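Asks: I have a structure I would like to understand better, so I am pasting it below and will then ask my questions one at a time.
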Amino acid sequence: MKKVFIYKRFERIWHWGQAVLILLLALTGFNMRFSWFRVFDFHTSVQLHIAFALALLILVAFAIFWHFTTGEWKQYIPTRSFLVAMIRFYVLGIFRHEPHPVKKTLLSKLNPLQRLAYLSFKLLLFPILGTTGLLYLLFHHWPSLGLTWLDLGWVAQIHVFAAYLLLTFMFGHIYLTTTGRTPTSNIKAMITGWEEIEDD
């Protein structure tokens, strides 16, 4: 085993900042949606939800710029190579303590399933959440924007459904971080930037 500096500073800041903002958006979203869940009053929840969403948009804009200027966007290019092996590993192999079919390297940090999951999040889930959230926020301006054909109920339901998908993704992500060499090794790597990988 050898220690390799895999996760750069901005990558770690972006990762943890995004995680915190998503959790805060979930907290304020639940607060607005469910009467039994009250941390803030409704008006405060709305204002905080908008502020956290704006902060996330700014963070994502910086992250997109960083990905393209550093070439890190290539980490998300989908591949079918080892895809079946990864599915088999997560369904069976991980419980049999089989070796991971894909080794992490500086040039290939994500396995094929991670690539698909993160690309789906970035190209589908996040745009759906952002668009429906913005539409919801601009509801009173729909007539002047020519959007009277939209239904507020549907926009809200799509936004909430996408939010649940995002939370499902996050919980799956948190679980899978515990399946590394040790239960905390992946989390430690995303804090320090250093990861232990096999010499070959």
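Asks: So how strong a dipole does the chain carry about its Cα centre when Lys and Arg Cβ are +1 and Asp and Glu Cβ are -1, to the nearest 20 debye? Walk me through the numbers on the way to the answer.
Replies: Numbers: 18 positive and 10 negative charges, 86 e Å.
So the dipole magnitude of the chain works out to roughly 420 debye.
Asks: For HIS140 and LEU59 in the same chain, what is the full-extension length gain: residue separation times 0.36 nm, less their Cα-Cα distance, in nm?
Replies: Once the chain is fully extended between HIS140 and LEU59, it gains 26.4 nm.
Asks: At q = 0.18, 0.23, 0.24 Å⁻¹, what log₁₀ I(q)/I(0) does segment 38-99 have when each alpha carbon counts as one equal point scatterer in the Debye sum?
Replies: With one equal scatterer per Cα and no solvent, log10 I(q)/I(0) is -0.77, -0.89, -0.94.
Asks: Let me ask something else about it. Could you report segment 1-98's accessible area per residue, 1.4 Å probe, as an integer in Å²?
Replies: With all protein chains present, segment 1-98 gives 65 Å² per residue.
Asks: Ordering ARG9, ARG96 by how much accessible area each has at a 1.4 Å probe, largest first, what is the list? Walk me through the numbers before you get to the answer.
Replies: Numbers: ARG9 175, ARG96 140 Å².
Solvent-accessible surface, decreasing: ARG9, ARG96.
Asks: Additional query: What does the accessible area of LYS74 come to, in Å² to the nearest 10, when a probe of 1.4 Å is used?
Replies: 120
Asks: Another question, if that's okay. Please turn the phi angles of segment 94-101 into ³J(HN,Hα) values with the Karplus equation 6.51 cos²θ - 1.76 cosθ + 1.60 (θ = phi - 60°), one per residue in order, whole Hz, x for glycine and proline.
Replies: 5, 7, 9, 6, 6, x, 5, x
Asks: Also, I was wondering about something else. Filter the DSSP H helices in the chain by two things, a Kyte-Doolittle mean of at least -1.0 and an axial alpha-carbon span of 15 angstrom or more, and list the hits by number.
Replies: Span-like helices here: 9-33, 42-70, 126-137, 152-177.
Asks: Could you work out what % of the accessible surface of segment 102-200 is carbon and sulfur, using a 1.4 angstrom probe and leaving DNA, RNA and ligands out of the count?
Replies: Accessible surface attributable to carbon and sulfur in segment 102-200 totals 72 percent.
Asks: Compare the Cα positions of TYR7, GLN18, TRP66 along the charge dipole of segment 1-77 (+1 at Cβ of Lys, Arg; -1 at Cβ of Asp, Glu; about the Cα centre) and return the one farthest towards the positive end.
Replies: My answer, from the dipole projection, is TYR7.
Asks: For the chain, what does the relative contact order come out to in percent, with C-alpha contacts under 8 Å and a separation of six or more?
Replies: This gives 32 percent for the chain.
Asks: For each pair in LYS3/LYS74; LYS122/LYS188; LYS3/LYS122; LYS74/LYS188; LYS74/LYS104; LYS74/LYS109, compute the distance between the two Cα atoms and list the pairs where it is over 18 Å. Spell out each step's value before the answer.
Replies: Numbers: LYS3/LYS74 23 Å; LYS122/LYS188 24 Å; LYS3/LYS122 29 Å; LYS74/LYS188 24 Å; LYS74/LYS104 15 Å; LYS74/LYS109 10 Å.
The pairs that break the limit, which is 18 Å between Cα atoms, are LYS3/LYS74; LYS122/LYS188; LYS3/LYS122; LYS74/LYS188.
Asks: At what distance in nm do the modelled label points of TYR175 and LEU92 sit from each other, each positioned 7 Å from its Cα along Cα→Cβ?
Replies: Here the answer is 1.9 nm between the modelled labels.
Asks: Can you pull the percent of Cα pairs in segment 1-151 with separation above 27 Å?
Replies: Result for the distance tail: 43 percent.
Asks: Across bins of 10 angstrom width beginning at 0, how are the C-alpha pair distances of segment 1-79 distributed, in whole percent?
Replies: Using 10 Å bins, I get a P(r) of 17, 35, 25, 16, 6, 0 for segment 1-79.
Asks: Given +1 on the Cβ of Lys and Arg, -1 on the Cβ of Asp and Glu, and no further charges, what dipole in debye does segment 64-129 carry about its Cα centre, rounded to the nearest 20?
Replies: The calculation lands at about 120 debye.
Asks: To continue, here is another question. Taking only C-alpha pairs under 8 Å that are 6+ residues apart, what is the relative contact order of segment 29-120 in percent?
Replies: Details: 55 pairs, mean separation 22.5, N = 92.
Value for segment 29-120: 24 percent.
Asks: Pop out the Kirkwood hydrodynamic radius of segment 126-200 from its pairwise C-alpha distances, inverse of mean 1/r, in Å to one decimal.
Replies: Numbers: mean 1/r = 0.0647 Å⁻¹.
It works out to 15.5 Å.
Asks: Rolling a 1.4 angstrom probe over the protein chains, ignoring ligands and nucleic acids, what is the accessible area of LEU116 in square angstrom, nearest 10?
Replies: The value for LEU116 is about 70 Å².
Asks: Now for a different question. If packing is taken as the mean number of other Cβ atoms within 10 Å per residue, what is the order of 44-50, 142-148, highest first? Write out the running numbers ahead of the final one.
Replies: Numbers: 44-50: 16.3, 142-148: 10.3.
Answer by packing, highest mean first, reads 44-50, 142-148.
Asks: Now a separate question. Taking the Cα centre as origin and putting +1 on Lys and Arg beta-carbons and -1 on Asp and Glu beta-carbons, what dipole magnitude results for segment 76-185, to the nearest 20 debye?
Replies: 660
The values are calculated or read from the model by the stated rules, or taken from the named source; none is laboratory data. Just so it is clear, the model here is predicted, and its values are computed rather than measured. Glycine also receives a Cβ, built like all others from the backbone with ideal geometry; neighbour counts cover every protein chain displayed. Heavy atoms of the whole protein, side chains included, go into the accessibility calculation; ligands, DNA and RNA do not. Shrake-Rupley method; radii C 1.70, N 1.55, O 1.52, S 1.80 Å.
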